Each structure stands twice: as C-alpha cells, then as structure tokens.
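A.B. asks: One structure is given below, represented as structure tokens, and several questions about it will come after.
The values are calculated or read from the model by the stated rules, or taken from the named source; none is laboratory data. As the structure is a prediction and not an experimental result, all values here were calculated from the model. Cβ: placed from backbone, ideal geometry, glycine included. Neighbour counts: every protein chain shown.
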Amino acid sequence: MENAREIEVFLAVAEELHFGRAAARLHLTTSRVSQAIRALERRVGAPLFERTSRTVRLTLLGQALVDDVRPAVRQLEEALRRAKRAASREPQGVLQVYFVNSLREELTAALVHGFTEAYPHVPLVRYAYPSMQHRQWCDHSRDDVYVSWFPDQPDVLNLPRVRTGPVILREPRSVMVRSGHPLAGHEVVDIEELAEYDVLYPPTVTQRFADAWTPPVTPSGRPMKRVRRMTDSFMEEAITIVVHEDIAHVTISRPAPSVLRPDVVLVPLSGLPPFWLAPLWSIFAQNGWIREFTELAARIGSDAGWLDAGGG
C-alpha cells in the first residue's frame, strides 16, 4: 500500500510539476508529498526530479518511470472497476451533478460521458446551475455535487460544511467589459491597469472567496475600485450591470457562448492566478457515487491537459 501511495504522489507531482499543487490535488500537506518523493527516490536509487527554488522538472529517469508506471496504474484502476461490476457490489441509485452554466458544453459532455462509460448502470442526471451558488451546499444538507469555479485552491477558501474534490481544470482570467469601454480594444489588461476602473464586487460566498475573485488591492498595493451592485449570483445579472453601468467584471476566459451577449467583450487579464474548476458537495451527503465521479473527473481533466491554464 505504501508503494502504491508513493506512485500516486509521484504521478501527481509529475503532472503538476509543483509540489504544492500536487499536495492540494491529493489532499495532503506539501511536506507529506516531499517525504513520499524522497522515499521513492531512495527506493529507486536516483533523483526523479530536478528541483530549484522556482521550478520542478522530471529527470530523464523520472520521465521514463512516468512512461512505465502510468499505463499500469490505469490498467489496475480499470481492472478494479470491472471486478466491482462483475461482483455486483456497486450500489444502485441516481447521481445528480450540477454544472455551473458558464462551463462550455464540450467540457460538461466529456465529464458526463466519462462517468456513464465507466459506470453504465448508474444513472447520472445533469443540471445547468448558476455560478457562485456554493452556499447552497454550505447551508443545506444535500446529496448531490456541484461542479463550479473557484478563485483559488478550493480548500483554502474557508467554505463551511462542504468537501471539495480534486481540481478538474484551470482557466485563465479575463475582464468582461461592454463593447464601448476604454479597455475593450486592449489585447491584454494587467490587474494594475484594471485598478483605474470600477470593477464589480462579486457576491460574498465567503470574504476570502470574494477577495480571491476580485482582490481588494493589486499585487503592488494599489486599491481596487470594487463596486457593489449584484443582488444575486447570476452571471446574467453581472452582464447586465457591465453593459448598463460601465463596470468591469473579472471572470473566466472562455465561458459558454449561451451566457454571453454581443455587446460585451472579454479581454485576457494578467497578474492574477487562473480560476479552478472543481467539485463541491455537502459534508452530510450520503451518495457514494460522488467521490467516484469527482476522482474520475479529475483523471479526465488531467488526461485531456485541462490542468494547464487554458488547456480546456
């Protein structure tokens, strides 16, 4: 079992090339991840990663180990799934998944298809749900899962009474403005430049959540002109405010076309980290298929390259 855990940690670090992100993905501490990698390197007898204060890279031996191990891990996972199905030990029931309505259809479809292919006897019912509805799961006992955007690693945002799964996708930020806004013609807007304009203050899921979405100050310390206008958590309301009140809004780079309007423009935003797409569910949930779905969704995202910002 310890060998299997070390391999799991090794593959996560190899995919993330970052010990902190690998730790967040596996719900471990960074020191625990480092210990596992050191133990595996001692077992192998040579370094698997080249580490500096700024970068992590696979050694040639490390890359060779990734190439050898990854197919075997996938075969083992598939064999276990087949064994569970053959033994008819899989519980029956329905899994309800709420996908944020700004998520592009091809991404939602890939996650739904991946689950239904792996678990054909488990009905999955999908819903499109407004963004920023995280408190629906914080404040109520629910037995379903919400796949939505987070402005930072989900487990550092102080969301109460919920659990979050591994990150599925990273998406660069953009700034949404009306077509006649001074920033509309820019190829890129830096967060320092955005401080000169009114910016929509997002709904307060938690204070840390809101501050991570649209920070109170720029990285250099300039105060942001955050304006409270929203009365609800619907992106459609945010777009209306952007158009009619000339207020900018920080959002994802490539939302579903169905939520946009022809009189708004999305301009890439630099100077802030990407958004994270991840699942969230109530601590009171009893549906055992939630974890199966969230772990499979993370593997689908990793295999498709969605964990690279903009990879989706």
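A.B. asks: Just checking, which of Ala39, Ala46 is modelled with pLDDT of 90 or more and not in a helix (DSSP H, G or I)?
C.D. replies: Just a single option satisfies the conditions, and that option is Ala46.
A.B. asks: Something else: Could you grab the pairs with beta carbons closer than 9 Å, sequence gap of 6+ or different chains, first residue in segment 27-40 and touching a residue at least 60 places away in the same chain (Cβ under 8 Å), second one in a helix (DSSP H, G or I)?
C.D. replies: From segment 27-40, the pairs are His27/Asp155.
A.B. asks: Of all the helices (runs of 4 or more DSSP H) wholly in segment 169-252, which have at least 1 residues that are touching a residue at least 12 places away in the same chain (Cβ under 8 Å) and of a type in the set (Lys, Arg)?
C.D. replies: Per the criteria, 207-213.
A.B. asks: Identify all residues within segment 43-57 that are over 18 Å from Leu11 (Cβ atoms) and either exposed (fewer than 10 other Cβ atoms within 10 Å of the Cβ) or over 30 Å from the mean Cα position of the chain (by Cα) (or both); write none if there are none.
C.D. replies: Gly45, Thr52, Ser53, Arg54
A.B. asks: Another question, if that's okay. Can you tell me how many residues in segment 123-141 are part of a loop (DSSP other than H, G, I, E, B) and surrounded by fewer than 18 Cβ atoms within 10 Å (Cβ to Cβ)?
C.D. replies: Residues that pass the stated criteria total 4.
A.B. asks: Of the conditions (1) under 19 Å from the mean Cα position of the chain (by Cα); (2) modelled with pLDDT of 95 or more; (3) hydroxyl-bearing (Ser, Thr, Tyr), Thr214 satisfies every one except a single condition; which number is it?
C.D. replies: (2) is the only condition that Thr214 fails.
A.B. asks: Taking Val265, is it on the phi < 0 side of the Ramachandran plot, over 17 Å from the mean Cα position of the chain (by Cα) and assigned to a strand (DSSP E or B)?
C.D. replies: yes
A.B. asks: Of all the residues that make up segment 99-122, how many are among the hydroxyl-bearing types (Ser, Thr, Tyr) and without any contact (Cβ under 8 Å) to a residue 60 or more places away in the chain?
C.D. replies: 2
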